[in-house]
Amino acid sequence: MPHTRSFLEQSSRRTHAIRRKISLRKIFVWVCAVVLIYGVILVFASLQVYAHTTDAMSALTRAKSEGTALHFETADQSLVEAERAFKQAKRFSPFLKTAVFLPFVGSSLSESDALLTAGLDVVTSLQSVSEIGQSVLRLSGLNEQYFQDVQSGTQPRVSFSDLSPQTKQLVLSRLEASSNQFSLLSSRLSLVQDELDLLSQKTSIGSFASVITSAKEDLAQTQSTIARVSLFTDLVPAFAGLGKTAHHLMLFLNNTELRPAGGFVGNFGIATVTNGSIDSIKTSDVYALDRLAEAQPGTSLEAKERAPFALQKYNATPYWYFRDANWSPDFSSSAQKMIAKYKEESSMLPPALRSTIPYTDSIDGVIAFTPTFAARILHLVGPITVSGQTFTSENITDKLEYQVEYGYVGQGIPEAQRKEVIGQLVDAVVEKMTDMPLSEWASVLMLMEDAFRTKQFFVYHTNTDVEKVLVRAGWSGNIVAPPLASDVQLVVDANLASLKTDPAVDRTIRYEIVKDANGNRIGRTSITYHHTGTFDWKTSRYRTYTRLYVPLGSELVRVTGSLKNDKTQNPNGDSGAPDVSSELGMTVFGAFIAIEPGATGTLTFEYKLADSVRAAIASRAYTLSVRKQAGAQNHALTLDLDFGKNVLRASPSEEAKEWGDTHYRATTILDQDKEFQIGL
């Protein structure tokens with residue numbers, strides 16, 4: 001039967017349609033197969049990158065631990081493993097870049113290569129550190145086997161004093177030569193940290209996010225350690241007398257008699273150091289120098305420098321001597337004044353008298369510390385016995401004070417020699433520290449760093465480049481004026497003629513921003529002194545000239561609680577007039593107060609806020625820096641700041657119960673400088 005034309009056409013169209021469906025099915029199947037294969041490969045590549053990156057991070061952690069223990073050769077092996085793992089992960093990372101089009105996870109996967117590059121940068125940096133460490137150990141005549149033998153007890157421990165003068169010089173020279181390298185490594189790791197911060201913002205995959213978070217934490221610790229080592233390599237050669245003999249003025253700052261820059265200078269010394277070897281440490285009572293200088297003929301009263309006003313009025317000290325030269329709370333400024341006074345007074349003495357005190361005609365640096373720091377050192381090295389007396393971290397302050405004030409009499413020691421025990425104690429401590437195993441010196445450096453932070457240990461150097469490093473590290477005890485838009489509080493006490501009473505006085509500092517009767521916001525700083533002691537051989541009524549440092553341009557409104565003098569000279573308790581001045585780029589208010597044993601006294605300063613502070617509040621971005629006085633113990637600090645507009649965010653944050661109003665309230669311990677940032 002013949003088919004019509006239309007029938008044939010319809011049959012052909014059906015055939016083509018069937019073929020198209022088959023072709024589409026094949027295409028669909030192939031597409032699905034390709035997507036499936038791509039997905040499998042993508043998952044496989046992701047797993048490989050994650051696994052190798054995890055292995056690399058584990059190897060880096062091992063290297064960090066081994067390097068800290070000075071096992072640099074083993075650390076090198078771990079770094080090689082980390083490098084290999086990162087490179088293996090990098091083999092798969094190009095494929096992950098093709099996933100950039102995928103929603104949610106594409107950008108995270110495509111950024112994996114940046115993470116691996118950052119990891120390799122860290123490895124390269126740590127390999128440089130390990131190389132320096134190994135070279136220093138080789139110069140010291142030590143190696144990794146030595147540290148392993150020490151741990152197993154089969155090898156005697158090598159101390160700093162065991163190293164020859166030549167070895168010490170070689171080690172110092174190598175450290176000095178590596179200074180720039182450590183600085184570059186620190187900067188390089190900072191850049192890697194910035195890259196990881198960016199990556200963490202882009203990553204949405206949990207596993208990758210956890211790797212980045214772990215890497216950031218480890219890297220922050222590593223970068224901080226290398227930054228400290230960089231500072232160490234900048235400073236140690238200068239203080240250790242590399243290539244020359246260095247002379248350092250030592251100041252024993254007795255913070256039981258608190259003064260603006262740490263404490264009364266009861267003793268001083270000259271330390272002489274050459275190429276890391278201590279040639280000598282000579283110490284003396286500070287009055288030995290002052291009284292000799294005072295007694296020199298031909299020194300007219302007109303030629304003497306008048307003491308600061310408060311010393312004249314409340315301490316009966318008309319002229320400025322070496323012992324009182326640390327009057328500025330900025331340790332750098334006080335150190336310069338101490339050097340100038342030392343040179344001025346010692347230059348008055350004839351050669352025969354110079355030999356009776358620690359003497360040098362040139363000073364390179366100043367090293368100062370409080371009994372608080374000395375106690376921490378004894379806690380580290382253990383008890384020390386000198387002249388039949390055992391000093392510990394618990395008793396050193398009181399026992400030493402009693403010995404030099406009263407104990408020497410019963411022992412038949414002449415008054416002029418009563419403080420020789422301090423020199424003997426210093427020699428014994430130095431000997432113990434130099435006999436410490438090199439492997440334990442990290443604990444000494446940590447202790448020193450903590451003492452810098454808590455302001456119980458200070459150093460200054462006459463070389464401006466070295467001093468800049470100290471300032472950058474925060475180890476100089478300097479006081480920097482706050483930025484123009486910042487608020488600042490610095491309370492500075494000066495114990496004047498009240499024995500060693502400071503440990504018996506509890507202080508609380510309270511800073512408020514409040515409205516006055518006209519609706520203007522003013523600052524109110526109150527310092528409360530609670531005298532917990534009684535009259536005894538070291539404790540009396542507390543007499544302090546207190547200064548408050550605030551932003552430049554602050555205007556004093558009133559002072560309450562100030563006295564003309566203590567009750568023996570001011571029985572009616574008449575109020576004393578405050579002083580207003582400027583120093584260190586800040587406005588300074590000063591007043592005197594005296595507190596009897598068992599009593600409490602409060603000194604309050606009220607003042608108009610500086611224009612810069614009012615402007616910061618108006619701009620809704622307020623910053624407050626509360627500085628701790630050098631040598632001060634840890635005091636309570638309370639803030640109650642009413643801004644007249646709701647506090648939206650704060651660092652440190654308030655307690656939850658304080659949220660939702662115009663006040664920022666906080667109570668803390670002023671154990672170091674504190675920073676507060678409030679958004680309004």
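Points worth noting:
- For peptides 409-417, 78-86, sequence by mean Cβ density within 10 Å, most packed first: 78-86, 409-417
- Between the range 409-437 and the range 275-296, the Cα center-to-center distance that results, in Å: 15 Å
- Mean Cβ count within 10 Å, highest first, over the residues of peptides 336-348, 374-386: 336-348, 374-386
- Binning the C-alpha pair distances of the range 245-473 at 10 Å intervals from 0 yields a P(r) profile of 7, 31, 38, 20, 4, 0 %, listed from the shortest bin outward.
- Extending 7 Å from Cα along the Cβ direction at Gln424 and again at Gln166 yields two label points whose distance is 3.8 nm.
- Phi angles of the range 489-496 translate, via the Karplus equation with coefficients 6.51, -1.76, 1.60 and θ = phi - 60°, into HN-Hα couplings of 9, 9, 9, 10, 9, 9, 5, 10 Hz per residue; Gly and Pro are given as x.
- Least to most buried among Ile270, Ile678 (fewest other Cβ within 10 Å first): Ile270, Ile678
- Measuring between their Cα centroids, the range 303-354 and the range 645-662 lie 47 Å from each other.
- The order of Ile132, Ile226, going from fewest to most other C-beta atoms within 10 Å of their C-beta, is Ile132, Ile226.
- Alpha-carbon spread of the range 352-510, three principal axes, descending order, Å: 60, 41, 39
- Rounded to the nearest 0.05, the FRET efficiency derived from the C-beta distance between Gln672 and Leu191 at R0 = 45 Å is 0.95.
- Exposure proxy shown here: for Arg91, Arg507, the number of other Cβ atoms within 10 Å sets the order, fewest to most, as Arg91, Arg507.
- Across the range 487-679 the C-alpha pair distances fall into 5 Å bins from zero in the proportions 1, 7, 16, 19, 19, 15, 10, 7, 4, 1, 0 percent.
- Compactness of the range 220-318, expressed as Rg and Dmax over alpha-carbon positions, Å: 19.4, 61
- Per the Debye calculation on the range 408-495 with a single equal scatterer at every Cα and no solvent contribution, log₁₀ I(q)/I(0) for q = 0.11, 0.14, 0.20, 0.26 Å⁻¹ amounts to -0.59, -0.84, -1.11, -1.24.
- Amide H to amide H distances under 5 Å link Arg259 with Phe264, Asn495, where only residues 5 or more positions off or on other chains count and H is placed in the peptide plane.
- With Cα atoms as the point set, the radius of gyration and Dmax of the range 236-279 evaluate to 13.3, 39 Å.
- Computed E for Lys26/Arg91 - FRET, C-beta separation, R0 25 angstrom, nearest 0.05: 0.15
- Filter on Lys64/Lys468; Lys399/Lys419; Lys419/Lys500; Lys282/Lys432; Lys337/Lys399 - keep pairs with C-alpha separation over 20 Å: Lys64/Lys468; Lys337/Lys399
- Segment Ala220-Gln296, extension gain: residue separation times 0.36 nm, minus the distance between their alpha carbons: 21.6 nm
- Residues in the range 643-680 that a label on Val557 would reach, taking backbone N under 15 Å of a point 7 Å out along Cα→Cβ: 643-644
- Size descriptors for the range 452-515, from the alpha-carbon set: Rg then Dmax equal 16.3, 48 Å.
Read the figures in this text as sums done on the coordinates, not as results from a lab. None of the values given here were measured: they were computed from a predicted structure. Counting neighbours? That spans all protein chains shown, and the Cβs are built from the backbone with ideal geometry, glycine included.
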